[in-house]
Each structure stands twice: as C-alpha cells, then as structure tokens.
Amino acid sequence: MSLASEQSEVLIHDEEVMGTVVSFELYFSGISRDRARSTVAAACDQLHVVDGVFSTWKPESPMSRLRRGEVGIGEVPPQISEVLEICSWAVEVSSGWFDPWALPGGVDPTGLVKGWAIEQITHLLIEAGIDAGMVNAGGDLATFGRPPKSDAWRIGIQHPWKADALACVIETSDSVATSGSYERGSHLFDPHTGRLVNEPGSATVVGASLTVADCLATALAVSGEAGFEQISEVEGYGLYLILPDGREMSTSDIVFVNEI
Amino acid sequence: MRSVFLPNGFTTKRSVYEIRTERHGAWEMKRVWTVAVGAVVGLALVVGLHSKTRLSALPPGQVGQRSATGAAPPRSGSSRPAASSPPPGASNAPSRVTKGSASGSSSNSAVGSSEQYGYGMLSVKVTVSANKITDVTVVNLQTADQYSQQLASQVIPMLKSEVMSAQSANINGISGATYTSEAYATSLQSALKKLKFK
C-alpha cells in the first residue's frame, strides 16, 4: 500500500452487487494487469457471496432464514456471527442509535454489511499488491494508499436536498460513509421511538474502518443532533452532520477542502 | 444474546467538536459542481475517468492500457475516433443507437436498458460527442403512482447534473446515498456500453 506513482497503471471496474454499483479505481505498478484483474474478480466474487449470505431481500439467504427462525446461529455461515458481533459493538458505542435488533421484522445488519464487505475486499486488494485505490459502494467508500499526484483523496459529500450543490468536499486517506433519510426513501428506523426517520438530513462519518464508519453514519443520521456528542466519542472517527434546518456540525478532525 | 467488544485500537474518549453553520451556502453560490440526490458513484467514476482532469493524472502509457479493457482510449484535447463511428451492431438498431453529425463534429446517442427501481422503471438516453457526455435524458419513466412520478421528476435532473459535472469536478469520488440513482446508473452504463464509450 503506497502512493500511486507516475508508473502506476489504473484499473477501473464497476460491479452491480448488494443492490448498488460498486466501483473500483485501483492503481498498481508492481503486479501484472492480469493479476490486478483477477484480484478484482475475486473481490467481486466475495461481494456476491456476502450478498447471498446477508441479503434480507432474498428469502432463501441464510440471513433471511435466520430472521425467520428457521435456522440457528450455529447453522449459518460464520460471517453472520462475525457481523452481528460488530453490530453489538456498534449498538453500544452509538448508545443504541444504531440497533439492528430493534428493526421491525427481526435482526437486520444491512446497515453495516455493505461497509463491512467493502472493508474485507480492500484488505484483499492490498494483500494482492494494489498500491492505492478507492472502492465505492454507492456512496460508502474505502480508500487506501494515495491517489495520483495527491496526498489524499478528495471526496465530495452530496448535499441532502439541494440538487445543485455538493455539501462540501473533504480530504481523507480513510473511509467515508454517508447516510441520510433521503436515501431510498425513508428507510432509517429510530430504535428509540420505533418510527421511521423522516426529516431530511445527512450524516457522514470518516475513519479507518468502513464497517465502523457505515454503522456510525447510520446511527448519526437517525440521532441527528441528539446523538452527535455521544457518537463523536468513538476515537478515530470524524463526523459531519447536516441537520434538517441546514445547520452543520462536524468534529474538528474532518478536513474540509476550501479551494478546488 | 449480545456481547460487547471493542475492535482493536478503539477507545471511547475524545474530542471537541465545532459547530459550523451556513457554510454550504457558499458552495451553492460558487456552483462549482452540481450534484444530485443520488450518489451515482459508479457512474461518476465511469464518467469521471473520461474527464480531462483524471486523464491528465495518468501517464500516456495508461491510455493504451485502458483500451485493453475494451475502453475507447480517450486522450484529452484530441478528437475521439471511437465516438465518431457507430459501434458494431449499432446499425442494426437505429432506434436505439443514433449517430448525428453537425459541422464536422459528430455525436452518438444510445438508450440504455430499462431498469427497475423501488417504485418504477426508467431508461436513460445518453449522447456522447467528442469523447464527452453531452446530454443525458430519461426517455422512459414508469411509476406505480403519482407521488413516485413526482419524486422521480425531482431526482432525475439532479442525477443528470451529477453525470455532467462528474466530467470536470476535481474530486476522486462522491459520498452519499442512492435511491433512483441505481437504476439510472445502470441504464446509463448500458447505454454507454452500447456506444463503446467505456
């Protein structure tokens, strides 16, 4: 894992999986193009496997069967317990603002699985010798290494309701997850009230692990201002919140780009 | 049964935060980019790759490398041979892929696949000229009810803005959320594939 040098080749790939498009932008110099390609293929295979295991839309997925009580936790692939363990941690650190157990219809780790899956394959890409890259799963993205001719990745944060503007641009060498009640209609569920969150807003979390960033972003989108301070205590993760009234809050570790 | 654990290296203590207000107003005024409700990030990548900015970040050898993936190798500042000739098979489907020409420059357009999204179905028509996307329109939109129609009609212009702006924005990616955008992205990608744009 390093910077993408002048000699780097780039490999771009888009994969439809997990209900979104996962985009790869990878820079490599020390490995062959075929090797890079086969690595991406393996990474995509892994995403499809994860989708098959965790999809709550596919009635026959192990996760769906677990939710219906047809099988026990011992009878499903071990990734499920691994992810549920991380979910438990996320429930604690988010003071319950993220709570897959409070969702109607049974435990649903969907809010974290995408980030988790992308993080897993990022490790795979690094191990295979990819120098730098970005994997973007429909707006939740992981970066590693450095992009060409730059020290950090510049990521635009889409504005939650203003059509013709980015909310801001940030610089990061980490992962970025954004969640908002405007996405996919209102699918954010407030575990404290048992209701869907309807106020438009946007919550972005930046940090090393996309798994953590993903669930904290979901938590922050649900909690809004009320959960900001609590969630900001997770060390190593920066928050950027746009409230329904247009106010913005952020932790001091978010690097905003003022000049493009 | 839940257990609590901390992933390696995490603690739960920190950090001052600041309140920032009114800042994104400045961004709107600048109108440096336009971006949509749907983060069509796959799309932004597809499109962004063809932008001058991104290409100039690559060594010249890269352009040839990318053609190995079936991509039409765009080079900033040069004319684009691939766009001026219709892709194989296009002549068999004139209603789907059209070639137009005006004053020496030519453009191609193609209609992408019909894609289902949460509350309906849409397909996207893209026009490419001189290696740039010059227009994106939704040519077919079916929704289950009027509310969805309304919602889609609000979202689609934003998606278009995002596609158009992604060609010039000096950013690596966009973080945001997806809704109708997935269907939009998928249809657009299939349209671009028909044009061998990618």
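The values are calculated or read from the model by the stated rules, or taken from the named source; none is laboratory data. Because the structure is predicted, anything quoted here is derived from the model rather than measured. Cβ sites come from the backbone with ideal geometry, for glycine too, and all protein chains shown count toward neighbours. With ligands, DNA and RNA removed, areas are computed over all heavy atoms of the protein, side chains included. Shrake-Rupley method; radii C 1.70, N 1.55, O 1.52, S 1.80 Å.
Just so you know, in the range A:127-178 the residues that are in contact with a Phe, Trp or Tyr (Cβ under 6 Å, 6 or more places away or on another chain) and more than 22 Å from A:Val255 (Cα to Cα) include one that is most open to solvent (accessible area, probe 1.4 Å), and it is A:Asp131.
Of all residues in the range A:15-44, those that are without any contact (Cβ under 8 Å) to a residue 24 or more places away in the chain have Cβ atoms under 8 Å from Cβ atoms of residues that are assigned to a strand (DSSP E or B), 6 or more apart or on another chain, in A:Glu16/A:Val22.
Within the range A:89-142, the set of residues being more than 15 Å from the chain's Cα centre (by Cα), at pLDDT 95 or above and more than 13 Å from chain B (Cβ to nearest Cβ) comprises A:Leu124, A:Leu125, A:Ile126, A:Glu127, A:Ala128, A:Gly129, A:Ile130, A:Asp131.
Determine whether the range A:60-82 contains at least one residue that is touching a residue at least 40 places away in the same chain (Cβ under 8 Å), open to solvent by less than 60 Å² (accessible area, probe 1.4 Å) and among the charged types (D, E, K, R). No, the conditions are met nowhere in the range A:60-82. Residues in the range A:215-241 that are open to solvent by 10 Å² or more (accessible area, probe 1.4 Å) and within 12 Å of the chain's Cα centre (by Cα): A:Thr218 only.
The lone criterion from (1) within 11 Å of chain B (Cβ to nearest Cβ); (2) within 16 Å of A:Val49 (Cβ to Cβ) left unmet by A:Val76 is number (1). Which condition breaks for A:Ile86 when tested against (1) in contact with an Asp or Glu (Cβ under 9 Å, 6 or more places away or on another chain); (2) in a helix (DSSP H, G or I); (3) within 14 Å of chain B (Cβ to nearest Cβ)? That leaves (1) as the condition not met.
Report, by residue number, each residue of the range A:221-260 that is among the β-branched types (Val, Ile, Thr) and at the interface with another protein chain (Cβ under 8 Å from one of its Cβ atoms). A:Val234, A:Ile242, A:Thr251, A:Ile260 - these are the residues of the range A:221-260 that are among the β-branched types (Val, Ile, Thr) and at the interface with another protein chain (Cβ under 8 Å from one of its Cβ atoms).
Is it true that A:Ala102 is in contact with a helix residue (DSSP H, G or I) (Cβ under 9 Å, 6 or more places away or on another chain) and in a loop (DSSP other than H, G, I, E, B)? Judged against the criteria, A:Ala102 is a match.
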